[in-house]
Amino acid sequence: MNLGAIDWHTVMQVVIFIIMFLTVIYTVQAKDLMLSVVALAMFSLLLSLEFYILQAPDVAIAEAAIGAGLTTAIYTLTIKQTVRREDELDE
């Protein structure tokens with residue numbers, strides 16, 4: 001097999017897509033909301049990397065700033081203001 005014939009951009013995109021798919025599955029199935037928000041931020045950063053690889057740096061910057069930055073901050077602040085059900089039952 002000739003390694004020079006491998007298109008490394010395609011390989012990198014496939015690897016990023018697989019990691020994105022795994023983070024989405026983890027985001028949906030996570031029991032802890034903060035871990036779910038972190039996985040969602042990781043997904044957003046991977047998506048912005050994918051946009052950059054596809055030669056759309058303006059979209060990549062917007063996705064990183066809004067998707068990973070602002071949305072994560074809003075979700076984190078909202079979750080911090082809530083009370084866990086286990087804590088409610090103990091009181």
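The values are calculated or read from the model by the stated rules, or taken from the named source; none is laboratory data. Nothing here was measured: the structure is a model prediction, and the numbers come from that model. When we count neighbours, we look across all protein chains shown, and the Cβ atoms used for this are built from the backbone with ideal geometry, even at glycine.
Considering (1) at pLDDT below 95; (2) surrounded by fewer than 13 Cβ atoms within 10 Å (Cβ to Cβ); (3) more than 13 Å from the chain's Cα centre (by Cα), say which one Asp58 fails and leave the rest. The single condition Asp58 does not satisfy is (1). A count restricted to the range 21-57 and to residues that are in a helix (DSSP H, G or I) and either in contact with a Pro (Cβ under 8 Å, 6 or more places away or on another chain) or not β-branched (Val, Ile, Thr) (or both) stands at 23. For first residues located in the range 64-91 and at pLDDT 80 or above, partners that are surrounded by 10 or more Cβ atoms within 10 Å (Cβ to Cβ) and among the polar types (S, T, N, Q) and lie 6+ apart or on another chain with Cβ distances below 6 Å form the pairs Ala64/Ser48; Gly67/Ser44; Ala68/Ser44.
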